[in-house]
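Some notes on the structure that comes next.
The values are calculated or read from the model by the stated rules, or taken from the named source; none is laboratory data. Remember, predicted model here, so these are calculated numbers, not experimental data. Cβ atoms come from the backbone with ideal geometry, glycine included; neighbour counts cover every protein chain shown.
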Ligand SMILES: [Fe+2]
Ligand SMILES: [Zn+2]
């Protein structure tokens, strides 16, 4: 566990001489809410320089400085004529602004504000903008250890508040309490907050004691977000089906770890899986009948690949992989292309798309084909490493909720003649969970 955490911290390390690494990290995870004024950090503006016709340089009291384009500053005015006080939507029409705008005047006010007077232009009247030193300093670029220049302001127009994510494998996750009680979750906002925090941190949470009723997964989903329907409808039933043509999920066969719906234009952000009938031998009385669920942290697998096989990592980040499914019931194809691993500009892992049953052979030049398969197989071999997998029986009343573009899920094979296993799932969008976390973080 420690190793994974330190790997993440290392990746966020910056080389900026003006911004220490810990501060850059805070920039990447912290944000203020509109209802709470951010505490002043004591940053002052010591100088504002007119660099040339289109740019101002703001120098701060720690000797850092940041250059701003005039049109960007005018467009970013925070006053109530330019930004709706409730929705924070823009009221200024950017297309009506003079792209060559220059301040008629600018000055430092009270050492911690920059006030700019703008001239009239067309239908735009004279205007005054005021920016605090704290706000301006958030736009200081930072350079990551791998040379990317990033601007990561803390304010909520740009950056979402998130807890530090913690990558895991078998041992740490088994020792970590990621479960909450259903009744607490449904009644208490602080437990709802705790659950969203678990989801953003570990990518997974377990809810215990959920009523063993059909469609209860939807009731739990609604506690977090709107339900997202899929080709299965509102819920998907993972239940044995004797039809020889039944979907793999509905047999007793092993389900290799995967993320769901990789063949859709956007795979669902989160999956809720509610257990109504278990394969647990303590419950059904058939030892070795199989049917355990398994969860794997795809971010941890991707970080392992980056550390141990950087060439493979780069291939999986840069190769679009076709995924497709024929929905026989509705007589139509679904197709999408995703790299197996997606990163953001800072190099942080963002998404995993992985499904051996929807995966199609990539359309690559012949010389790139074998290297791709080598990279894919190396990644896959780590996924099947038992030390990476959290394997457990979901029991009736258990509900696992997890990030579908981070956590791979699967199931061991089981004997459908010995056990009856029934899980019911539904999906919600991940940004709903992130927005809920941010809301609760401020209001609860
Ligand atoms: Fe699945
Ligand atoms: Zn304004």
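Within region 89-118, track down each residue that is touching a helix residue (DSSP H, G or I) at 6+ places or on another chain (Cβ under 6 Å) and loosely packed, with under 11 Cβ neighbours inside 10 Å.
The one that is touching a helix residue (DSSP H, G or I) at 6+ places or on another chain (Cβ under 6 Å) and loosely packed, with under 11 Cβ neighbours inside 10 Å: 94.
How many residues does region 48-83 hold that are away from ligand 2 (no atom under 16 Å from the Cβ) and in a loop (DSSP other than H, G, I, E, B)? So that I can check it myself, show each step before the final result.
Taking region 48-83 and keeping what is away from ligand 2 (no atom under 16 Å from the Cβ), we get 48-67, 69.
Still in the running and in a loop (DSSP other than H, G, I, E, B): 53-54, 61-64.
Residues flagged as away from ligand 2 (no atom under 16 Å from the Cβ) and in a loop (DSSP other than H, G, I, E, B) within region 48-83 amount to 6.
Find the strands (runs of 3 or more DSSP E) located wholly in region 240-353 whose residues include 3 or more that are within 24 Å of the chain's Cα centre (by Cα) and either surrounded by fewer than 21 Cβ atoms within 10 Å (Cβ to Cβ) or within 16 Å of ligand 2 (Cβ to nearest atom) (or both), and list them.
Values: elements: 255-258, 270-277, 293-297, 321-327, 332-338, 341-343, 349-352.
It comes to 332-338.
Need pairs with beta-carbon distance below 6 Å; first residue within 20 Å of residue 138 (Cα to Cα) and within region 73-102, second more than 8 Å from ligand 2 (Cβ to nearest atom) and outside any loop (DSSP other than H, G, I, E, B); sequence gap 6+ or separate chains.
74/118; 75/94
Taking the criterion of being in contact (Cβ under 8 Å) with a residue 40 or more places away in the chain, in a loop (DSSP other than H, G, I, E, B) and over 22 Å from residue 309 (Cα atoms), would at least one residue in region 371-394 satisfy it?
The initial filter retains those residues of region 371-394 that are in contact (Cβ under 8 Å) with a residue 40 or more places away in the chain, namely 371-372, 374-376, 378-379, 382-384, 386-394.
Restricting the remaining residues to those that are in a loop (DSSP other than H, G, I, E, B) gives 384, 393-394.
Applying the additional criterion that residues be over 22 Å from residue 309 (Cα atoms) yields 393-394.
Yes, some residue in region 371-394 is in contact (Cβ under 8 Å) with a residue 40 or more places away in the chain, in a loop (DSSP other than H, G, I, E, B) and over 22 Å from residue 309 (Cα atoms).
Answer with yes or no whether residue 431 is out of contact with any strand residue (DSSP E or B) (no Cβ under 8 Å at 6 or more places or on another chain), away from ligand 1 (no atom under 14 Å from the Cβ) and within 28 Å of residue 144 (Cβ to Cβ).
Values: out of contact with any strand residue (DSSP E or B) (no Cβ under 8 Å at 6 or more places or on another chain): yes; away from ligand 1 (no atom under 14 Å from the Cβ): yes; within 28 Å of residue 144 (Cβ to Cβ): yes.
Yes; evaluated as a whole, the condition is true for this residue.
Look at residue 395 and say whether it is out of contact with any strand residue (DSSP E or B) (no Cβ under 7 Å at 6 or more places or on another chain), more than 16 Å from ligand 1 (Cβ to nearest atom) and assigned by TED's automatic domain parsing to the domain that holds residue 193.
Values: out of contact with any strand residue (DSSP E or B) (no Cβ under 7 Å at 6 or more places or on another chain): no; more than 16 Å from ligand 1 (Cβ to nearest atom): yes; assigned by TED's automatic domain parsing to the domain that holds residue 193: yes.
Taking the combined requirement at face value, the residue does not satisfy it.
Looking at region 103-116, which of the residues that are in contact (Cβ under 8 Å) with a residue 60 or more places away in the chain and part of a loop (DSSP other than H, G, I, E, B) is farthest from residue 135 (Cα to Cα)?
111
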